[in-house]
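Below: one structure, written as structure tokens.
The values are calculated or read from the model by the stated rules, or taken from the named source; none is laboratory data. Computed from a predicted structure; not experimentally measured. Note that we place each Cβ from the backbone using ideal geometry, even for glycine, and neighbour counts take in every protein chain shown.
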Amino acid sequence: MAEKISTPLAKKKAEQLRAGEEVLISGIIYSARDMAHKRLTETIARSEPLPIDLEGQIIYFVGPSPASPGRPAGSAGPTTSSRMDPFSPILLDNGLAGMIGKGYRGDAVINFLIKNKAVHFSAVGGAGALLSKSIVKSEVVAYHDLGPEAIRRLEVLDFPAVVAYDSRGASIYERK
């Protein structure tokens with residue numbers, strides 16, 4: 001049975017989650033892919049205010065396809081997580097509590113997950129149409145010029161994911 005969790009994700013809750021645990025996420029999450037991550041980290045480097053508050057938030061590595069009539073989002077499958085590795089440590093140090101993507105994370109990101117008591121979730125790649133059914137509402141909140149890669153505020157209900165890396169460094173992936 002999957003554990004129901006809500007956002008914002010409290011550090012105490014993040015610390016309790018374990019690699020391999022199935023979760024259903026409800027609340028607000030934010031979408032962001034490569035270019036949005038780059039802009040967020042550049043904004044932090046310039047000590048400027050961010051367009052979203054990262055504290056306790058979860059970022060989903062996704063660029064939803066256009067929505068069908070009557071739907072808030074189109075297919076919303078996860079992007080390869082390792083593409084965000086150059087940006088994730090600074091976002092974690094600035095309050096990010098969790099991320100959702102697919103595939104492996106590098107050692108530096110794992111160390112920052114441990115340091116910040118954060119987690120990384122995996123969503124099933126290739127199931128974008130199914131995952132989009134958990135999106136109740138979607139609105140662009142930053143970087144409109146990036147089109148599908150703009151940051152979106154997604155309201156989700158029972159979004160299915162698996163804890164891929166927990167706050168202790170344990171992983172569902174075999175490590176050599």
Subject >> Single match in LEU50, LEU40 (criterion: outside any helix (DSSP H, G or I), touching a helix residue (DSSP H, G or I) at 6+ places or on another chain (Cβ under 9 Å) and not basic (Lys, Arg)) >> reply: LEU50
Subject >> Test for ALA97: is it buried (at least 16 other Cβ atoms within 10 Å of the Cβ) and within 10 Å of the chain's Cα centre (by Cα) >> reply: yes
Original post:
Of the residues ASP107, ASP166, ASP145, which is without any contact (Cβ under 8 Å) to a residue 40 or more places away in the chain, of a type in the set (Asp, Glu) and farther than 17 Å from VAL62 by Cα?
Top reply: ASP107
Subject >> Pair list, Cβ < 9 Å and 6+ apart or interchain, from segment 1-22 residues that are hydroxyl-bearing (Ser, Thr, Tyr) to residues that are assigned to a loop (DSSP other than H, G, I, E, B) >> reply: THR7/GLY56; THR7/GLN57; THR7/ALA97
Subject >> Qualifying residue in segment 106-119 (condition: of a type in the set (Val, Ile, Thr) and under 17 Å from TYR30 (Cβ atoms)) >> reply: yes
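Which residue, of PRO69, PRO8, is surrounded by fewer than 16 Cβ atoms within 10 Å (Cβ to Cβ), out of contact with any helix residue (DSSP H, G or I) (no Cβ under 7 Å at 6 or more places or on another chain) and either modelled with pLDDT under 95 or over 23 Å from GLY128 (Cβ atoms) (or both)?
PRO69
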Subject >> Options SER6, SER31, SER47, SER65: the member that is more than 14 Å from ASN94 (Cα to Cα), of a type in the set (Ser, Thr, Tyr) and out of contact with any Pro (no Cβ under 8 Å at 6 or more places or on another chain) >> reply: SER6
